[in-house]
Amino acid sequence: MNKLVINGGKKLSGEIKLQGAKNSILPILSATVLTNGETVLENCPDLSDVYASCRILTHIGLKVCRENPDIIVISGTGAKTSEIPDSLMSCMRSSVNFLGSLIGRCGECSISFPGGCQLGPRPLDIHLSALRSMGVSISEEHGYIKCTVPHGIHGAKITLPFPSVGATENIILAAVLADGETEIINAAREPEINDLILYLKKCGARIQSSGGGNIFVEGVSSLSGTDFRIMPDRIAAATYMAAAAATGGAVQLNCTEGIDTDLFTVYFEQMGCRVYNSGKSVFIKSGKSIKPVKSLKTMPYPGFPTDMQAVFMSVLCCASGTSVFEENIFEDRYRHVDALNRMGADIKVYGKIAVVEGVERLYGAEVSATDLRGGAAMVIAALSADGKTTVSEAGHIDRGYEKIEQILSSVGADIIRKS
Ligand code: EPZ
């Protein structure tokens, strides 16, 4: 049992070096299957999901080595197998990106349905429909997805019914070596997708992105390796900023180049915090009290990110009024609410709406992480609560946050890990 024990009530103060983005490095690791040559990735976060992806790459036949904590070197010389067993696939959702890269490289693949956070049904219909339009023949049997391309994979014009991040990534991965041109309409626009595109273009891919949800790929015959620096993690940034806000502290995040904090800073400012983004760092100072935020609706980028919903909720539990959340991306992404209520919060859920009535304070309790961001929300609530909190199943948190207890301790939190 991997758990975090937190004694709340300490104001956070100091500087944090921000980790590289989980949701950028994972599709880029999948993309290395498409390359011939060596890729050197810098600013790699030390996350269990990254190790899981590296295990899949090794299984496929690539050579992977981690020269030091934040550099991973992958030697892509083609795939020795296009089959990924359930034991490797079930660790996380992003393993689904190997669908696109294996089809793109090998013209076939057999993978089990991916794992990942339980946020409601997470079907793959958008992924599979798009790949079928590119000439991929797909059968689903006994929990496995088996793909072949009887007549080769070709470009297509694909309009997504919803700007799915994973489906957009899989289409790009399948298209870069396909025969002909692929146009994606209503593509997801998250910054991590742009990082994937930048990596692939450095490897020789021909991709244009309008920035407005249209992506155009012209297939090429091969891709080389390259050096690439992973972008900073905007979700982790918001998480540590929320921890500062919840504890009445002041924290500076360093190595934040390239993060567009405007999209979520506005909500920290509505809470009464002051935020200053210098480009290389982001500084947040909390206000004397936390003001409520009337409405927080999660939407595809550039809307308010669903991955920030839980951590913002944990701050607003002690606001001086009522805040209302609307979760529009996942069907079951309020699984952290029970734990927050156990800690004294007053949150009621009505379908996709969650109404948070601010309370005077939270109290320590025994809780269990339900998913990656929900677990982070419980840690933030515990930092501000009176007394001791134990967050068990901390492995969920380790999937997306690098050494969270060390980082929070370095800015004054009383938090230890017990296994
Ligand atoms: C990515 O998940 C992220 N994961 C998620 O981050 C993030 O919450 C999500 O995008 C939305 O931004 C990674 O990048 C590894 P989607 P993904 O496909 O690709 C439905 C985190 O905390 N859908 O955009 O799975 C789906 O059920 C994680 O870091 C279909 O219906 O997200 C969901 O309701 C959690 N059919 C919605 O679309 C499909 O074929 C958004 O899913 C695909 C998706």
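Here are a few things to note about the model shown:
- Stokes-Einstein translational diffusion, the stretch 327-397 - Kirkwood Rh over all Cα pairs, 1.002 mPa s, 20 °C, in µm²/s: 174
- Estimated [θ] at 222 nm from DSSP helical runs (n ≥ 4, -39500 (n - 2.57)) normalised by residues in the chain, nearest 500: -9000 deg cm²/dmol
- Among beta bridges from DSSP that stay inside the stretch 22-229, the antiparallel ones total about 75%.
- 3J(HN,Hα) from dihedral phi, the stretch 157-164, Karplus parametrisation 6.51/-1.76/1.60, rounded to Hz, x for glycine, proline: 9, 10, 9, 7, x, 8, x, 5
- Accessible surface of F162 - all protein chains present, 1.4 Å probe, nearest 10 Å²: 80
- Sites E366 and S210 - FRET efficiency at Förster radius 45 Å, r taken between beta-carbons, to 0.05: 0.35
- By the rule of a C-alpha distance below 23 Å, with chain neighbours fewer than 8 residues away ignored, the lysines paired with K17 are K280, K285, K403.
- Using bins of 10 Å that start at zero, the share of Cα-Cα pairs per bin across the stretch 207-248 amounts to 19, 22, 31, 18, 10, 1, in whole %.
- With θ taken as phi - 60° and the Karplus curve 6.51 cos²θ - 1.76 cosθ + 1.60 applied, the whole-hertz 3J(HN,Hα) list for the stretch 9-18 is x, 9, 6, 7, 7, x, 10, 10, 7, 6 Hz, x standing for glycine and proline.
- For the stretch 46-116, carbon and sulfur atoms together expose 52% of the accessible surface, with a 1.4 angstrom probe and every protein chain in place.
- Ranking C317, H154, C54 by Cα position along the charge dipole of the chain, where only Lys, Arg, Asp and Glu carry charges on their C-beta atoms, puts C317 farthest toward the positive end.
- Charging the Cβ of each Asp and Glu at -1 and of each Lys and Arg at +1, and nothing else, the dipole of the stretch 96-198 about its Cα centre rounds to 120 debye.
- Relative to the longest principal axis of the Cα atoms of the chain, helix 234-247 runs at roughly 10 degrees.
- Taking the C-alpha atoms only, the angle from helix 165-175 to the longest principal axis of the chain is near 20 degrees.
- Carbon/sulfur fraction of accessible area - the stretch 234-281, other protein chains in place, 1.4 Å, %: 47
- Charged-residue dipole, Cβ positions (Lys, Arg, Asp, Glu), the stretch 22-229 about Cα centre, Debye nearest 20: 80
- Counting only DSSP beta bridges whose two residues both lie in the chain, roughly 70 percent are antiparallel.
- Computed over the chain, the alpha-carbon pair-distance distribution with 10 angstrom bins reads 5, 23, 31, 24, 13, 3, 0, each value a whole percent.
- Per residue, in Å², the accessible surface of the chain once ligands and nucleic acids are set aside, probe 1.4 Å: 38
- Ordered from longest to shortest, the equivalent ellipsoid semi-axes for the stretch 22-229 are 22, 20, 17 Å, each the square root of 5 times a Cα gyration tensor eigenvalue.
- Using alpha-carbon coordinates, inclination of helix 22-31 to the longest axis of the chain, degrees: 10
- Nearby aspartates and glutamates by direct alpha-carbon distance to K11 (threshold 16 angstrom, same-chain neighbours under 8 apart not counted): D386, E405, D414
The values are calculated or read from the model by the stated rules, or taken from the named source; none is laboratory data. The structure presented is a predicted model; accordingly, all values stated were derived computationally and were not measured. In this analysis, Cβ positions are derived from the backbone assuming ideal geometry, glycine residues included, and neighbour counts consider all displayed protein chains. Calculation scope for accessible area: heavy atoms of the full protein, side chains included, ligands and nucleic acids excluded. Shrake-Rupley method; radii C 1.70, N 1.55, O 1.52, S 1.80 Å.
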